[in-house]
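Chemist: My questions will all concern the structure given below.
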Amino acid sequence: MFKKKLLLKKTHDFSATKNPRLTAVFIHGIASDSSSFVNAIKYLEGTTSLKDIRFVTFDLLGSGESRSDDKLNYDYKDQLSALHNSIEKLNLKTPLVLVGHSMGTFIATRYADTYKKSVKHLILISPPIYTREELESPAFAAAIKVFKDAVSLKNKKILEEKSFNESMKKIVLDKNNYKTLANLKTHATLIYGDMDQFIASHNIPKILKQNPKYLSAIKTIGRHGVSKDKYIKIVSVLEEVLNA
C-alpha cells in the first residue's frame, strides 16, 4: 500500500487567458506518453476560438515522466486514482473535458463513469471498441500481435515492461470496456480514422445506436495516431462545448 497519493506527472499546462472557461485534460494511449499530443496541443492553442480553454497533459503511471513501480498494478484503480488526484490538484474553477487517445479513451470513459458529474464532455480519439466476444476471438489475438509488432519496431523494450503488459491485460483487454461506453451517461464524441487498423470501426455505429443520447461520432481520413485530421475535428467539438 502506498503511503502517498498516486499522482501523474503534469507535462503541460497553459491558458491564453487568466480566467479560462473550460479545461481540457489529455490522456494518452498505451506504449506512449503525453508527447503524442504535442502537435495537437500546439494547433489547438493557436486556434483563436479556443483561447478561453486551459490545456493540460499528463503522463500516465509507468509512462514518460510519471512513476514506475513494481508495486503498481497499472490497472484502472491505479490509473484512475492517480488521474483523479492530479485533476483535483489543478484546483479547477471551470468545467472539465477529457480528451483520450486509444487506451486513454478507456481511462477517460471509466473516469467519467466513476466520477459521474465531474466531466462535462469526453472526446475519444481512435477508441479500440471490441465486444466481449471479439476479445476472445483468434482474430483479435492476431490484431494484438500486429499492434505489438508495430510497437516493437519503435522500441522493443516496451514489450518487456510491466506497465505495458499489465495495462494491456487489465485495461485494453478489459471485457467491460464496451459495456461501460454503451451505458455511459456523459456526453462523448468519438473521433476515428477510416484507415485505422487497430480499432473495430464496425462497432462504432452499433454503440451509437445503443446510446444515442450521449454518444456521437466523427469519421475522418487517417489511421490510429493523433494526426491533423483528428485535431481539426477536436476544434469543432471544443467550440461546441465551450459555447454550450
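Chemist: Using modelled backbone amide H atoms (1.01 Å from N, in-plane), which distant-in-sequence or interchain residues come within less than 5 Å of T220's amide H?
Modeler: Y192, G193, D194
Chemist: State the Cα centre-to-centre distance between region 30-97 and region 109-178 in whole Å.
Modeler: 17
Chemist: Test of understanding: what is the full-extension gain from I221 to K162, defined as 0.36 nm times their sequence separation minus their Cα-Cα distance? Provide the component values of the computation, followed by the final result.
Modeler: Working: separation 59, 0.36 × 59 = 21.24 nm, distance 3.36 nm.
Stretched out fully, the I221 to K162 stretch lengthens by 17.9 nm.
Chemist: Can you flag which of K10/K145; K77/K209; K162/K233; K154/K219; K71/K170 are past 25 Å Cα-Cα?
Modeler: Over 25 Å apart, Cα to Cα: K10/K145; K77/K209; K162/K233; K154/K219.
Chemist: Would you mind telling me the antiparallel percentage of the DSSP bridges in the chain, rounded to 5? Numbers along the way, then the final one.
Modeler: Numbers: 6 of 31 bridges.
Here the share of antiparallel DSSP bridges comes out near 20 percent.
Chemist: In whole Hz, with x marking every Gly and Pro, tabulate ³J(HN,Hα) for region 64-77 from phi via Karplus 6.51 cos²θ - 1.76 cosθ + 1.60, θ = phi - 60°.
Modeler: x, 9, 7, 5, 10, 7, 5, 7, 6, 8, 6, 10, 4, 4
Chemist: Which ³J(HN,Hα) values, rounded to whole Hz and listed in residue order, are derived for region 235-244 from phi using the Karplus coefficients 6.51, -1.76 and 1.60 in 6.51 cos²θ - 1.76 cosθ + 1.60 with θ = phi - 60°, glycine and proline given as x?
Modeler: Along region 235-244, the couplings run 4, 5, 5, 5, 4, 5, 5, 4, 9, 5 Hz.
Chemist: Normalised by the empirical 2.2 N^0.38 Å for globular proteins, what value does the Cα Rg of region 146-185 take?
Modeler: On the way: Rg = 13.2 Å, N = 40, 2.2 N^0.38 = 8.9 Å.
Output field value: 1.48.
Chemist: Where in region 184-203 does the label zone of E239 land, with the point 7 angstrom along Cα→C-beta and an amide N cut-off under 20 Å?
Modeler: Residues 188-192 fall inside that zone.
Chemist: Taking 7 Å along the Cα-to-C-beta vector as the label spot, tell me the T17-K148 distance in nanometres, rounded to one decimal.
Modeler: Going from the T17 label point to the K148 one covers 4.9 nm.
Chemist: If you don't mind, there's one more thing I want to ask. For the pair Q210 and D70, what calculated FRET efficiency results from E = 1/(1 + (r/R0)^6), where r is the Cβ-Cβ distance and R0 = 45 Å, to the nearest 0.05? Please list the in-between numbers first.
Modeler: On the way: r = 39 Å, r/R0 = 0.87.
E(calc), rounded to 0.05, equals 0.70.
Chemist: Most mobile of S34, S126, S216 per a Gaussian network model of the chain (Cα springs, under 10 Å)?
Modeler: S216
Chemist: If you look at just the Cα atoms of the chain, how large are its Rg and its Dmax in Å?
Modeler: 16.9, 52
Chemist: Non-local amide H neighbours of S68 (under 5 Å, H modeled in plane, Pro and chain starts lacking H): which ones?
Modeler: Hits under the 5 Å cutoff: G62.
Chemist: I would also like to ask the following. How far apart, in nm, are two points set 7 Å out from the Cα along the Cα-to-Cβ line at N155 and at E136?
Modeler: 3.5
Chemist: Collect residues whose amide H, placed 1.01 Å from N in the peptide plane, falls under 5 Å from the amide H of A16; neighbours closer than 5 in sequence don't count.
Modeler: Amide H neighbours of A16: I53.
Chemist: What pairs from K42/K148; K9/K156; K89/K213; K5/K117 go past 26 Å between their alpha carbons? All intermediate terms of the calculation are to be shown ahead of the outcome.
Modeler: On the way: K42/K148 29 Å; K9/K156 24 Å; K89/K213 32 Å; K5/K117 22 Å.
Over 26 Å apart, Cα to Cα: K42/K148; K89/K213.
Chemist: Let me ask something else about it. Report the charge-dipole magnitude of the chain in Debye, nearest 20, computed about the Cα centre from +1 at each Lys and Arg Cβ and -1 at each Asp and Glu Cβ. If you can, show how the numbers build up before the last one.
Modeler: Details: 39 positive and 25 negative charges, 123 e Å.
About 580 debye.
Chemist: If you don't mind, another one. Using only helices, what value at 222 nm comes out for the chain when you add -39,500 (n - 2.57) per DSSP H run of length 4 or more and divide by the total residues, to the nearest 500 deg cm²/dmol?
Modeler: Rounded to the nearest 500, the figure is -11000 deg cm²/dmol.
Chemist: Right, here's the next one. Could you identify which residue out of T131, T94, T48 has the top mean-square fluctuation in a GNM of the chain using Cα springs shorter than 10 Å?
Modeler: Of the options given, T48 has the highest mean-square fluctuation.
Chemist: Can you give me the Rg/Rh ratio for region 173-244, using Cα atoms for both radii and the Kirkwood formula for Rh? Don't skip to the answer; put the middle values down first.
Modeler: Numbers: Rg = 12.8 Å, Rh = 13.2 Å.
Here Rg/Rh amounts to 0.97.
Chemist: If you place +1 on the Cβ of every Lys and Arg, -1 on the Cβ of every Asp and Glu, and leave all else neutral, what size is the dipole of region 181-229 about its Cα centre, to the nearest 20 Debye? Mind showing how you got there, number by number?
Modeler: Working: 7 positive and 3 negative charges, 43 e Å.
With Lys and Arg at +1 and Asp and Glu at -1, about 200 debye.
Chemist: Which one, K89, K185, K175, has the greatest fluctuation when you compute a Gaussian network model over the chain with C-alpha springs under 10 angstrom?
Modeler: Sorting by GNM fluctuation, first place goes to K89.
Chemist: Another question about this same structure. Given the peptides 70-77, 100-107, arrange them by the average over their residues of other C-beta atoms within 10 Å, most packed first.
Modeler: Working: 70-77: 15.0, 100-107: 26.4.
Top to bottom by mean Cβ count within 10 Å: 100-107, 70-77.
Chemist: Students often check this: by mean Cβ neighbours within 10 Å, which of 137-144, 201-208 ranks highest, and how do the rest follow? Intermediate results must be reported in sequence, preceding the final value.
Modeler: Working: 137-144: 12.1, 201-208: 15.4.
Highest-to-lowest ranking by the protection proxy: 201-208, 137-144.
Chemist: Using the Karplus curve 6.51 cos²θ - 1.76 cosθ + 1.60 with θ = phi - 60°, what ³J(HN,Hα) values do you get for each residue of region 176-193, in whole Hz, with x for Gly and Pro?
Modeler: 9, 4, 4, 5, 4, 5, 5, 9, 4, 10, 10, 5, 9, 10, 8, 10, 8, x
Read-outs throughout are calculated quantities, based only on the coordinates presented, and are distinct from any laboratory measurement. Since this is a predicted model, take the numbers as computed values, not measurements. A quick note on method: Cβ atoms are made from the backbone with ideal geometry, for glycine too, and the neighbour counts reach across all protein chains shown.
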